[in-house]
Amino acid sequence: MNGGPTIAVIGSINLDIVASVKAFPQPGETITDATVKRFPGGKGANQAIAAHRLGASVLMIGRVGSDPAADEALSTLRKEGVDLSYCDSLQGCATGQALIVVTEAGENQIVVAPGANAAFDAEHLVMPECDAVIAQLEVPMETILKAATVSKGFFCLNAAPAKPVPHAVLEHVDLLVVNEIEATALGKERDGYAGLLAITYGSEGAVLSRRHQQIATAKPPAVEVVDTTGAGDAFTAALTVALVSGMKPQAALEQACLVGALTTTSMGAQSSPLASDIKP
Ligand code: RIB
């Protein structure tokens, strides 16, 4: 058990099937020199792993199917000792899978078949006592709404993938993390949002603000990018762990940028660094 804050991560658990290619195919084009690997993934699971490696005690709340992919998808969470007692396996469902194409430049395209993640209904959600909750948008919005409503601690929403988020959810959010596309998808609901807002700009870094007032800005170090998959997930987990641990916003944002950058230096979405890798 880690000694840091207790963090519940509610969200997706996927098996990522990753094809490495030189460049993305054009519509209608067939590429025949790809190599394929399988990795545990899903934004929720990726964030749980990152928070755990940064010293938090993490409970993963999610759903897998009743197929062999479930064990693969859960393998890193299990191996590293994330608490899975709030995870269920849904009979008759497939485990979520993501088909990911990664280019030589480390860019990706992702197609998700949500499977059990989409069948994670609010009715069966039980939230543990914890210091903070991290959620994303790969499970139903009603389930996120219930989690946000019943949670008493710090609530971080990573509004990814891009989609509108109702005011009923946003009013419970303490930290909202988005990239530029996701920020646009929030639409006018963003205007009434009063919590912390972190917008990420890839290799250009991130800005932390509240009600249009900038609080901190940070840039990641230059790194050799191999695969950007999961960088936003690691950033979100790192920023939450840092803020909940009492770190000042500027230092917290710098740490989150560093963790996000280090995550891009190896293949797979769960390659976030250990806490020992990021200490000065
Ligand atoms: O953020 C990256 C993740 O998005 C991948 O692991 C994939 O499973 C999708 O959920």
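General observations
- All positions within region 129-152 that are out of contact with any helix residue (DSSP H, G or I) (no Cβ under 8 Å at 6 or more places or on another chain) and either among the acidic types (Asp, Glu) or surrounded by 15 or more Cβ atoms within 10 Å (Cβ to Cβ) (or both): Glu129, Cys130, Ala147, Ser151
- When region 19-57 is limited to residues that are near the ligand (Cβ under 9 Å from one of its atoms) and of a type in the set (A, V, I, L, M, F, W, C), the one that is nearest to Cys156 (Cα to Cα) turns out to be Ala45.
- When Ala113, Ala69 are screened for being within 13 Å of the ligand (Cβ to nearest atom), more than 20 Å from Ser271 (Cα to Cα) and of a type outside the set (Phe, Trp, Tyr), only Ala113 passes.
- Filtering region 160-207 to residues that are within 16 Å of the ligand (Cβ to nearest atom) and over 17 Å from Leu243 (Cβ atoms) leaves Ala160, Pro161, Ala162, Lys163, Asn179, Glu180, Ile181, Glu182, Ala185, Gly202.
- Evaluation of Pro273 against (1) touching a strand residue (DSSP E or B) at 6+ places or on another chain (Cβ under 8 Å); (2) in a loop (DSSP other than H, G, I, E, B); (3) surrounded by 17 or more Cβ atoms within 10 Å (Cβ to Cβ) (one fails), failing number: (1)
- Any hit, region 16-36, residues being surrounded by 21 or more Cβ atoms within 10 Å (Cβ to Cβ), farther than 18 Å from Ser266 by Cβ, touching a Ser or Thr at 6+ places or on another chain (Cβ under 7 Å) and touching a residue at least 60 places away in the same chain (Cβ under 8 Å): no
- Close contacts from region 179-192, counting a first residue that is touching a residue at least 40 places away in the same chain (Cβ under 8 Å) and a second that is assigned to a helix (DSSP H, G or I), with Cβ to Cβ under 9 Å and a gap of 6+ residues or different chains, come to Asn179/Gly202; Asn179/Gly232.
- Residue match in region 237-245 (condition: at pLDDT below 95 and not in a loop (DSSP other than H, G, I, E, B)): no
- The condition of being surrounded by 24 or more Cβ atoms within 10 Å (Cβ to Cβ) and more than 18 Å from Thr236 (Cα to Cα) does not hold for Asp67.
The values are calculated or read from the model by the stated rules, or taken from the named source; none is laboratory data. Source: prediction; values computed, not measured. Cβ atoms come from the backbone with ideal geometry, glycine included; neighbour counts cover every protein chain shown.
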